[in-house]
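One structure is given below, encoded as structure tokens.
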Amino acid sequence: MNLQLITQTINNVILKNKLIQNMLKIGFLLLISPFFNACFGKGAVQSKELNSASFNCANASTVLENTICSNQKLNKLDKEMSNYYFKLKSSLNKDQSKELLYSQRNWLKGREKQCQTLESSCLIKYYRNRIFELRKEYENLEEYTTVNAQELQGLRNSCCFEGITFPKDLHIYAGGAYSGKKTNYQIDQSGHQATQFDVFVNSPEHPVALILGAYEPSIWNISWTKGTYIKSVVVTGYHRQAVAGLPNDVPILNSSYENRGACGYMYVTDKNLKKINPLAQKVFGKNVTMVYYAKKGKIVFGELLHGNDTLYTSKDNPPHSFFDTSKPLAGEAGLNDLVSKNVLRRSTANDLQRWGKLKEQAYKTMLKAKNEELPPVANAKNTRTSFAPRYVHNGYVILKKMTIPAGLYGAHSATFFLEKGVPYPDGNLGHSTLYDFNTMECNGTACGMH
């Protein structure tokens, strides 16, 4: 009797082993069936031989199974897809799990329909799409559109071009200035008017790498002569820097104070000369060949250009692709744009007299509250005139809520009169002055000059 019991037990074990082997041959389709879940349950630990794909490749029997097992990428993708399926399934209720099971079975059947010849490249794409679908639902993903892809240009985790070998005869040119030629746009959050450098490279005898640096937010618009090869660009500065005109496959390393780049920041001027070679050594392993300073927003690297030299630039990254069109135009163009939209109007002598009259009234009210009285003065000037601003440069009256254009410095500054009832403007006054009819206070550089 004991012998019969032992024999029966052995037969049961053999039967179970055959059943398990058949299940493994069927692959992932059976792994997601209710029978498998009932046997192994949620959270079951698979043996090492199951870790290659979602099934045991030692028992692969179909063309599809063998294709998956023979391709390392497919092998990993099959396992990854299985993992995400079970992660998502564990987070769903009963009805949702049934819907997921139905969609997964349809997807599994579709592998051979979508990739009839079972080519690895087709299956890899098919798997990746499914994995993303499962991730999107499990991780509750949504599209992130806050960051413009251009803002990520050249950002790297280390101060080098990893995996890139440069030719031994590489010439490294460095150049820049505090700022380039002013544009009418902004390219970052600094509130500063963006500048642009036109960079011309003429080095047909040697491949070139560039180190470019400016303080102000700047766009470096690069062009080159026939036979010139630009291997890479390092761009640095305090505010945002952007490289235009190069093909997408030219590597860029962008390191500024604003982006907290791996190389730190500097801009190419006399006082920063000692910083240039250490940067070149760190990135390229050699000193710079020559340093050039920009003049009026232009730099020529390499050999002199002649009138008949043709220059080329790429359409991949034109300068205007970096402009932040969500912000108002900068400088004079911004002021003119606001006038055209009836947000601003040009100031007149009446606006100055009105300010002088109201300031006179406020002054007399203050004296009265203090029980003070000024004595009369012979041949005195009109008090309204004496309280009015003595000098108004580039005057405007603010009629509606607005943002002050960037770049209002020096000769480009303005004088604003804020109408009563209009909110105080956003933005940076720069070197401009604002007379506020709401508070009868003055803000800016010219205050007190009346």
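The values are calculated or read from the model by the stated rules, or taken from the named source; none is laboratory data. Given the structure is predicted, the values throughout are model-derived calculations rather than measurements. As a convention, Cβ positions derive from the backbone with ideal geometry for all residues, glycine included, and neighbour counts pool all protein chains shown.
Regarding the stretch 48-65, can at least one residue be identified that is assigned by TED's automatic domain parsing to the domain that holds Arg130, modelled with pLDDT of 50 or more and either exposed (fewer than 10 other Cβ atoms within 10 Å of the Cβ) or β-branched (Val, Ile, Thr) (or both)?
Yes, the stretch 48-65 contains a residue that is assigned by TED's automatic domain parsing to the domain that holds Arg130, modelled with pLDDT of 50 or more and either exposed (fewer than 10 other Cβ atoms within 10 Å of the Cβ) or β-branched (Val, Ile, Thr) (or both).
Limited to the stretch 307-333, what total is found for residues that are in a loop (DSSP other than H, G, I, E, B) and touching a residue at least 60 places away in the same chain (Cβ under 8 Å)?
14
Given the options Asn93, Asn106, Asn140, name the one that is more than 30 Å from Lys286 (Cβ to Cβ), loosely packed, with under 15 Cβ neighbours inside 10 Å and under 26 Å from the mean Cα position of the chain (by Cα). Can you show your working first?
Numbers: Asn93 fails: under 26 Å from the mean Cα position of the chain (by Cα); Asn106 fails: under 26 Å from the mean Cα position of the chain (by Cα).
So the residue among Asn93, Asn106, Asn140 that is more than 30 Å from Lys286 (Cβ to Cβ), loosely packed, with under 15 Cβ neighbours inside 10 Å and under 26 Å from the mean Cα position of the chain (by Cα) is Asn140.
Quick grid of which residues meet (1) out of contact with any Cys (no Cβ under 7 Å at 6 or more places or on another chain); (2) exposed (fewer than 12 other Cβ atoms within 10 Å of the Cβ); (3) assigned by TED's automatic domain parsing to the domain that holds Lys182; (4) assigned to a helix (DSSP H, G or I):
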{"position": "Asn350", "(1), (2), (3), (4)": "yes, yes, no, yes"}
{"position": "Tyr363", "(1), (2), (3), (4)": "yes, no, no, yes"}
{"position": "Glu372", "(1), (2), (3), (4)": "yes, yes, no, no"}
{"position": "Gly407", "(1), (2), (3), (4)": "yes, no, no, no"}
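Looking at the stretch 174-203, I want the residues that are part of a loop (DSSP other than H, G, I, E, B) and acidic (Asp, Glu) and have a partner that is surrounded by fewer than 23 Cβ atoms within 10 Å (Cβ to Cβ) and at pLDDT below 95 with Cβ atoms under 7 Å, at least 6 apart or on another chain. Which pairs are those?
Close Cβ pairs (under 7 Å, with a partner that is surrounded by fewer than 23 Cβ atoms within 10 Å (Cβ to Cβ) and at pLDDT below 95) amount to Asp188/Glu258.
Just to check your reading of the model, which residue among Val235, Val291 is over 14 Å from Gly154 (Cβ atoms) and part of a strand (DSSP E or B)?
Details: Val235 fails: over 14 Å from Gly154 (Cβ atoms).
Answer to the check: Val291.
Go over the candidates Glu151, Glu137 one by one and state the one that is at pLDDT below 95, in a helix (DSSP H, G or I), among the acidic types (Asp, Glu) and closer than 30 Å to Asp324 by Cβ. Step through it out loud before you land on a result.
Numbers: Glu137 fails: closer than 30 Å to Asp324 by Cβ.
Criteria check complete, one pass: Glu151.
Take the residues in the stretch 324-345 that are more than 20 Å from Gly191 (Cα to Cα) and among the charged types (D, E, K, R), then tell me which one is surrounded by the fewest Cβ atoms within 10 Å (Cβ to Cβ).
So, considering only residues that are more than 20 Å from Gly191 (Cα to Cα) and among the charged types (D, E, K, R), the one surrounded by the fewest Cβ atoms within 10 Å (Cβ to Cβ) is Lys341.
Which residue is farthest from Phe417 (Cα to Cα), if the candidates are limited to the stretch 429-445 and must be touching a residue at least 40 places away in the same chain (Cβ under 8 Å) and in a loop (DSSP other than H, G, I, E, B)?
Here the answer is Met440.
Any residue at all in the stretch 239-248 that's surrounded by fewer than 19 Cβ atoms within 10 Å (Cβ to Cβ) and modelled with pLDDT under 95? Working first, answer last.
Going through the stretch 239-248, the residues surrounded by fewer than 19 Cβ atoms within 10 Å (Cβ to Cβ) turn out to be 247-248.
Those still in the list that are modelled with pLDDT under 95 too: 247-248.
Looking through the stretch 239-248, at least one residue is surrounded by fewer than 19 Cβ atoms within 10 Å (Cβ to Cβ) and modelled with pLDDT under 95.
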